[in-house]
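Chemist: I have a structure I would like to understand better, so I am pasting it below and will then ask my questions one at a time.
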Amino acid sequence: MHGPALAGWLLVALCAATGAYCLLRMRSPVAEQRSAAGGEALMGFGMAVMAVPAAVFGPPRWAWWAYGVVFGAAAVRALWNARGHARAHHLHHLVGTLAMVYMAVAMAAAPAAGAGHAAHAGPAGAPLVTGVLLLYFAGYVLGAGMRLVPAAGAVGGAVAGAGGVGTGRVGDGPLGAVAWGDRAEVALACRLAMGIGMFAMLLTM
């Protein structure tokens with residue numbers, strides 16, 4: 001991607017850490033949590049690879065087309081899952097996977113794409129599509145951030161109301177009823193981090 005190398009590595013670290021955390025969430029006993037975490041882990045690691053500075057790693061053009069196929073399949077799966085529960089989440093995941101397809105195709109079609117992550121003079125992709133995606137992810141990040149603050153406050157209140165007994169461990173205190181990987185505020189923070197990463201990547205297009 002375009003942009004300073006330091007910013008690229010920070011983005012790689014954010015996305016990779018989010019992907020690794022989502023892998024841990026796949027150990028949840030809740031089937032829906034495992035399914036959502038798997039798709040988010042794919043997004044996190046895919047974004048981490050895409051964000052590696054061009055000077056360090058420059059995949060060939062065919063690798064971007066393969067990227068598009070993988071995330072195209074993930075988009076179809078997200079669309080299929082949107083028929084059931086958590087429709088809003090699956091539709092958001094659909095937008096994310098389609099954004100990955102869009103960026104991969106833009107990289108593959110850009111001049112000198114074989115030299116790395118869009119290593120060419122001008123921006124990749126269609127400005128209108130990039131702008132629409134930027135607006136979407138900016139709105140998502142703001143909305144998720146606003147939802148996360150009350151969630152964090154509710155967790156703190158629950159601990160305080162228990163007289164400090166709850167430690168967050170399974171089976172210990174009021175928070176123990178839900179495993180840490182299944183807590184809504186943790187999953188939301190994970191999605192917020194990926195939304196920030198996606199917004200930053202789209203800015204480099």
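The values are calculated or read from the model by the stated rules, or taken from the named source; none is laboratory data. Keep in mind that what you see is a predicted model, and the values were worked out from it rather than measured. Counting neighbours? That spans all protein chains shown, and the Cβs are built from the backbone with ideal geometry, glycine included.
Chemist: Hey, among G58, G96, which residue is buried (at least 16 other Cβ atoms within 10 Å of the Cβ) and more than 14 Å from G46 (Cβ to Cβ)? Break it down stepwise before answering.
Modeler: Numbers: G96 fails: more than 14 Å from G46 (Cβ to Cβ).
Unique residue meeting the criteria: G58.
Chemist: Still on this structure, I have one more. Would you mention how many residues in region 56-87 are under 19 Å from R34 (Cβ atoms) and either outside any helix (DSSP H, G or I) or small (G, A, S) (or both)?
Modeler: 8
Chemist: Inside region 67-90, can you point out the residues that are loosely packed, with under 14 Cβ neighbours inside 10 Å and either of a type in the set (K, R) or at pLDDT 90 or above (or both)?
Modeler: Step one: of region 67-90, the residues loosely packed, with under 14 Cβ neighbours inside 10 Å are 69, 73, 76, 80, 83-85, 87-88.
Matches in region 67-90: V69, A73, V76, R83, R87.
Chemist: Answer with yes or no whether V12 is buried (at least 19 other Cβ atoms within 10 Å of the Cβ), of a type in the set (A, V, I, L, M, F, W, C) and free of Cβ contacts under 8 Å to residues at least 60 places away in the same chain. Reasoning before the result, please.
Modeler: On the way: buried (at least 19 other Cβ atoms within 10 Å of the Cβ): yes; of a type in the set (A, V, I, L, M, F, W, C): yes; free of Cβ contacts under 8 Å to residues at least 60 places away in the same chain: yes.
In short, yes.
Chemist: Only residues in region 24-42 that are of a type in the set (S, T, N, Q) count as the first member; pair them with residues that are surrounded by fewer than 18 Cβ atoms within 10 Å (Cβ to Cβ) and not in a helix (DSSP H, G or I), Cβ under 9 angstrom, at least 6 apart or cross-chain, and list the lot.
Modeler: These pairs meet every condition: Q33/M26; S35/M26.
Chemist: Let me spell it out: the conditions are (1) under 18 Å from the mean Cα position of the chain (by Cα); (2) free of Cβ contacts under 8 Å to residues at least 40 places away in the same chain, and H93 meets all of them except one. Which number is the exception?
Modeler: (2)
Chemist: Do we have any residue at all in region 53-63 that's under 17 Å from the mean Cα position of the chain (by Cα) and of a type in the set (A, V, I, L, M, F, W, C)?
Modeler: Checked against the condition, which is being under 17 Å from the mean Cα position of the chain (by Cα) and of a type in the set (A, V, I, L, M, F, W, C), region 53-63 yields no hits at all.
Chemist: With A55, A78 as the choices, which residue is touching a helix residue (DSSP H, G or I) at 6+ places or on another chain (Cβ under 8 Å) and more than 22 Å from C190 (Cα to Cα)?
Modeler: A55
Chemist: If a residue has to be surrounded by fewer than 15 Cβ atoms within 10 Å (Cβ to Cβ), assigned to a helix (DSSP H, G or I) and of a type in the set (G, A, S) to count, how many in region 15-55 make the cut?
Modeler: 3
Residues checked against (1) surrounded by fewer than 14 Cβ atoms within 10 Å (Cβ to Cβ); (2) under 22 Å from L94 (Cβ atoms); (3) in contact with a helix residue (DSSP H, G or I) (Cβ under 6 Å, 6 or more places away or on another chain); (4) modelled with pLDDT of 50 or more:
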| position | (1), (2), (3), (4) |
| --- | --- |
| A126 | yes, yes, no, yes |
| G161 | yes, no, no, no |
| G166 | no, no, yes, no |
| D172 | yes, no, no, no |
| G181 | no, no, yes, yes |
| G195 | no, yes, yes, yes |
| T204 | no, no, no, yes |
